[in-house]
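Student: What follows is a structure written as C-alpha cells; I'll ask about it next.
The values are calculated or read from the model by the stated rules, or taken from the named source; none is laboratory data. Bear in mind that the values here come from a model prediction, so they are computed numbers and not experimental data. Every residue, glycine as well, gets a Cβ built from its backbone with ideal geometry; the counts of neighbours run over all protein chains shown.
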C-alpha cells in the first residue's frame, strides 16, 4: 500500500502519489485522514459542500488503481452533467491516458456499452446509475472485476433508487467489494440514514463539519445572518382567512380519527401527504359502493394541502406568487381546487390580490442588500488586488446567488432586480411546470457561462443550483426563505466561502411558516449529528475474501505518462469521450470551455480507424452544413423504409450500404438519428431492427391517466378504476406525458410499496 504523503513546493504542500500529477492536489489534513480511514471498508463520507468530496474520491481511487492493476474502478453520479464534471476533475490530476478512461450514460446504446464493459483497458469508468442498473439486470455487465465502486450523492440510496440494486449486485458478484459513498448530508431521520447505510452495506461513517479540528484551518469563514420581517397588514388578513379555512379542513380530518394529532397547529405538510397515501390505499381495498366517505376525506385532505400551500405563498413569497397560483388552479385545477375557488372567502382574497400593489418586504430588502453589496465589493475590489484574486478569474465583479423555492418567485425577483438596475437572470430546472417550460441544458449552460463571464451579477435560482451543476464561485448567498431540509441547507450554504470568506443571509417573516421551517432546520441539523454517532456503533462488517495487491510497476506508470503525452501531442488534453458527451449535452459553457477544436486536441483520426458502425459517437457535431443535414434526413427516411421490409430478422448494415452507397458519415449520422428517435435498435454489432418489431417487454398492458402531479412522481388512475402512485424511479418515459389529465398505455406491473399501491412502468406503448 502506498502512503499518501506530501512534498513541499515553496510554502505549499501537495499530495504525492505515483498516479497523481506533481503538485496536482493541495494537501489538506482532513482529506488525508478520511482517505486513509476508508481504505478497504465500505464507507459513507459526509462532508459539507465545497470541502472537497471529489478530492477524497480521487485519492482513494488512485490507491485502488495503483494497487490492483488488473481491476477497474466505477464512479457513479445521478446526472450526466455531474458525471462529466467528475470525469474532467479526475482527468486533470491523474496521470492516466484517455484510452484508460470511459464514460457511460443513457445516450450510449446497449451495444456501445457492451463494447466498453468488454474493453478491459478502460480501468476508470464514469456512469449514471440507471444505466448501470439496466446493464446489470440485462446481464451486459458484471461487477466482479471492479475493485471499488464510488456512489456520489449517496443520500439517494433509498427505496428503489438504482444505487440500492447496484450495491446489492456488487456485494454478490465481487469477492472483495469496497464501496465509497459520498454526500453532503444523509438526512436527519434515523430510519432514512439507516436505510442508506443498509442499502450500501456501510461499515464505517466518516463525518466532518467546519468545526472539526482537522478541517478548521482550511475553511474560509461564512458569516450566516438571519433577517426578520413583519408582513403587511393586508398579507396578515389574507393569511388569517386562509388559516381559518385550513383549520376547518383539519378539524374535519382530526374528528374522524384520520389525523392523529389533536390540534391543527401541529399538523405539517408531511402529515397531510402521508394521510393522502393512506386514504388512497384504503380506497383501493374498498368496494365501490362503500368509498363515498373516503372520497370526502380525500377531498378535505387535498383542500387542506392546497390551503397550506397558499398560506406559505402569501406569508413567505408574497402576493404575486399567490395570485399566480390561484389563477393556475382556476385554469387547470381538479375538483378539490374548484370547491375551494367557489368559497366566498377565496373569491374575496382573489379580489384583494387583484388590487394589491404591495410587494413582500423581503423583495425591497433584497434590492437594497444587493445594491449595497455590489457597491461595497466593487469599491473594495478596485483598491485591493489581493481581494480581486478571490473573485472569478473571468470577471472581478462581485457575484451573488439568490435561492428561492418557487419558479414564480424566481421570475418575479429577477424582474424586480433588473428594474432596479441590478443585472440578474433566472435559473431553473428542465421539467415543465404548467405554462413554465423550464430551461433545457443548453439554456442552463449559456446562463451559467454568462454569469461566469460577468454579463450579469445575480443568479436567481431554484433547487437546480443546489447540487450537481458547476455553479461559479459567489461571495454572497441569499435564501429567499428558510428551508426545513438540512440536506438542502448544507448544499445552499456551500455555494459560498470556497476561495475566500463568504456571506449567507436568510430572509424570514416573523410569526409565519418561515419560523416553523427555521426551527425544523435547526433541529434536524443537530439531530443528524446525534443519529450518526448512534448508527456508527451499530454498523456490521462485510465478509470479504483476502486478495493480494498487484501494484503497478514504475515502467507501467511511465508508459501511462508517455502514452498521454503522445496522444496529447505534448499537451494535456481532454479525452475525446469527454468531448463527445459535452457536445451532446451542450455542457461546454458551464465547464468554462469554448470550441473544442481550439480548447481541446482530439484524436479523431486515431479513433476513426477503430470505429465500428453501431452507435459510436456521431459526426454531427463536426458537420454543420445544411446540405449534409438534408442528406442525413433523406438517408434516415430511406433506411427506415428498407429496415421495415426486413421484419423481425433485422437488417445488416452492409446491405444498406450496398443498396444506397451512402457516404460513411451520412450513414453513421442517419443511423444515429433513427436510434436517437428510438425508431431502431441494434441487435448486434452490424444488424438493426425497427423498435416496434422487437419482442415487447414482459408485463401487462395498462391504461394510465395522470390524476395529479406530486413531489417525486404522480398519482395515477389505472385501468379507469384503481388509484396508484407512480414514483420517479419507476418511470423512465417522456416527461411531457406526466402532466395532469394525460392518458397513455404502458406495459408494467402493480405492486405495494410499504402499503402504498404503486405502478412500475417498463415500457410506453
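Student: Where residues in segment 463-490 are in a helix (DSSP H, G or I) and modelled with pLDDT under 70, which of them is nearest to residue 511 (Cα to Cα)?
Tutor: Keep residues of segment 463-490 that are in a helix (DSSP H, G or I), which gives 463-465, 486-490.
In the following step, the residues that additionally are modelled with pLDDT under 70 were identified as 486-487, 490.
Values: 486: 21, 487: 24, 490: 24 Å.
Out of the qualifying residues, it is 486.
Student: Could you please let me know if residue 150 is farther than 26 Å from residue 691 by Cα and in contact with a strand residue (DSSP E or B) (Cβ under 8 Å, 6 or more places away or on another chain)? Don't jump to the end; show me each part of the working.
Tutor: Details: farther than 26 Å from residue 691 by Cα: yes; in contact with a strand residue (DSSP E or B) (Cβ under 8 Å, 6 or more places away or on another chain): yes.
It is true that residue 150 is farther than 26 Å from residue 691 by Cα and in contact with a strand residue (DSSP E or B) (Cβ under 8 Å, 6 or more places away or on another chain).
Student: Being more than 16 Å from the chain's Cα centre (by Cα) and more than 29 Å from residue 20 (Cβ to Cβ) narrows it down to one residue among 141, 165; which is it? Explain how you work it out, then say what you get.
Tutor: Working: 141 fails: more than 29 Å from residue 20 (Cβ to Cβ).
The unique qualifying residue is 165.
Student: Please verify whether segment 81-97 includes one or more residues that are under 29 Å from residue 671 (Cβ atoms), outside any helix (DSSP H, G or I) and either touching a helix residue (DSSP H, G or I) at 6+ places or on another chain (Cβ under 7 Å) or not assigned by TED's automatic domain parsing to the domain that holds residue 54 (or both).
Tutor: No, segment 81-97 contains no residue that is under 29 Å from residue 671 (Cβ atoms), outside any helix (DSSP H, G or I) and either touching a helix residue (DSSP H, G or I) at 6+ places or on another chain (Cβ under 7 Å) or not assigned by TED's automatic domain parsing to the domain that holds residue 54 (or both).
Student: For segment 241-265, give me each residue that is loosely packed, with under 12 Cβ neighbours inside 10 Å and either in contact with a strand residue (DSSP E or B) (Cβ under 6 Å, 6 or more places away or on another chain) or in a helix (DSSP H, G or I) (or both).
Tutor: 244, 255, 265
Student: Follow-up. Residue under question is residue 203, and the condition is that it be assigned by TED's automatic domain parsing to the domain that holds residue 40, farther than 25 Å from residue 543 by Cβ and either surrounded by 15 or more Cβ atoms within 10 Å (Cβ to Cβ) or at pLDDT 95 or above (or both); does it hold? I'd like the intermediate steps shown before the answer.
Tutor: Numbers: assigned by TED's automatic domain parsing to the domain that holds residue 40: yes; farther than 25 Å from residue 543 by Cβ: no; either surrounded by 15 or more Cβ atoms within 10 Å (Cβ to Cβ) or at pLDDT 95 or above (or both): yes.
No; evaluated as a whole, the condition is false for this residue.
Student: Next question, about the same structure. Quick check on my filter: what residues within segment 703-723 are assigned to a loop (DSSP other than H, G, I, E, B) and under 16 Å from residue 270 (Cα atoms)? Reasoning before the result, please.
Tutor: Looking only at segment 703-723, we keep the residues that are assigned to a loop (DSSP other than H, G, I, E, B), and these are 711-712, 719-721.
Result: 711, 712.
Student: Can you find a residue that is assigned to a strand (DSSP E or B) and either closer than 18 Å to residue 83 by Cα or in contact with a helix residue (DSSP H, G or I) (Cβ under 7 Å, 6 or more places away or on another chain) (or both) anywhere in segment 132-144? Walk me through how you get there before you give the answer.
Tutor: Residues of segment 132-144 assigned to a strand (DSSP E or B): none.
No.
Student: What pairs come out if I take residues in segment 41-64 that are at positive phi and not assigned by TED's automatic domain parsing to the domain that holds residue 473 and pair them with residues that are surrounded by 24 or more Cβ atoms within 10 Å (Cβ to Cβ) and in a helix (DSSP H, G or I) whose C-beta lies under 6 Å away, six or more apart or interchain?
Tutor: From residues that are at positive phi and not assigned by TED's automatic domain parsing to the domain that holds residue 473, the pairs are 52/31.
Student: Is it the case, given these coordinates, that residue 188 is assigned by TED's automatic domain parsing to the domain that holds residue 103 and in contact with a helix residue (DSSP H, G or I) (Cβ under 7 Å, 6 or more places away or on another chain)? Before the answer, list the steps.
Tutor: Details: assigned by TED's automatic domain parsing to the domain that holds residue 103: yes; in contact with a helix residue (DSSP H, G or I) (Cβ under 7 Å, 6 or more places away or on another chain): yes.
Yes; evaluated as a whole, the condition is true for this residue.
Condition check ((1) closer than 16 Å to residue 60 by Cα; (2) buried (at least 18 other Cβ atoms within 10 Å of the Cβ)) across all residues:
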site: 138; (1), (2): no, no
site: 142; (1), (2): no, no
site: 145; (1), (2): no, no
site: 157; (1), (2): no, yes
site: 162; (1), (2): no, yes
site: 173; (1), (2): no, no
site: 178; (1), (2): yes, yes
site: 181; (1), (2): yes, yes
site: 185; (1), (2): no, yes
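Student: Here is a further query. Tally the residues that are part of a loop (DSSP other than H, G, I, E, B) and within 25 Å of residue 140 (Cα to Cα), restricting the search to segment 635-683.
Tutor: The number of residues fulfilling the criteria is 5.
Student: Based on this model, can you work out whether residue 193 counts as farther than 26 Å from residue 62 by Cβ and in contact with a helix residue (DSSP H, G or I) (Cβ under 7 Å, 6 or more places away or on another chain)? Steps first, please.
Tutor: Working: farther than 26 Å from residue 62 by Cβ: yes; in contact with a helix residue (DSSP H, G or I) (Cβ under 7 Å, 6 or more places away or on another chain): yes.
Answer is yes for this residue.
Student: Ok, one more. Looking at segment 325-373, which of its residues are closer than 30 Å to residue 418 by Cα, in contact (Cβ under 8 Å) with a residue 60 or more places away in the chain and either part of a loop (DSSP other than H, G, I, E, B) or in contact with a strand residue (DSSP E or B) (Cβ under 8 Å, 6 or more places away or on another chain) (or both)?
Tutor: 356, 358, 360, 361, 362, 365, 366, 369, 370, 373
Student: Can you tell me which residues in segment 65-114 are without any contact (Cβ under 8 Å) to a residue 40 or more places away in the chain and in contact with a strand residue (DSSP E or B) (Cβ under 8 Å, 6 or more places away or on another chain)?
Tutor: In the first step, residues of segment 65-114 are kept if they are without any contact (Cβ under 8 Å) to a residue 40 or more places away in the chain; the result is 89-90, 104, 106, 113-114.
Residues satisfying the conditions are 90, 104, 113.
Student: Please give the number of the condition residue 340 fails out of (1) surrounded by 19 or more Cβ atoms within 10 Å (Cβ to Cβ); (2) more than 24 Å from residue 515 (Cβ to Cβ); (3) within 29 Å of the chain's Cα centre (by Cα).
Tutor: Among (1) surrounded by 19 or more Cβ atoms within 10 Å (Cβ to Cβ); (2) more than 24 Å from residue 515 (Cβ to Cβ); (3) within 29 Å of the chain's Cα centre (by Cα), the lone unmet condition for residue 340 is (3).
Student: Please give the number of the condition residue 293 fails out of (1) surrounded by 14 or more Cβ atoms within 10 Å (Cβ to Cβ); (2) at pLDDT 85 or above; (3) more than 26 Å from residue 515 (Cβ to Cβ).
Tutor: It is condition (1) that residue 293 fails.
Student: Determine if segment 213-236 includes at least one residue that is more than 30 Å from residue 41 (Cα to Cα), in contact with a helix residue (DSSP H, G or I) (Cβ under 6 Å, 6 or more places away or on another chain) and assigned to a helix (DSSP H, G or I).
Tutor: The answer is yes, given that some residue of segment 213-236 is more than 30 Å from residue 41 (Cα to Cα), in contact with a helix residue (DSSP H, G or I) (Cβ under 6 Å, 6 or more places away or on another chain) and assigned to a helix (DSSP H, G or I).
Student: Applying the selection to segment 328-347, what residues are closer than 26 Å to residue 363 by Cα and modelled with pLDDT under 90?
Tutor: Selection gives 328, 329.
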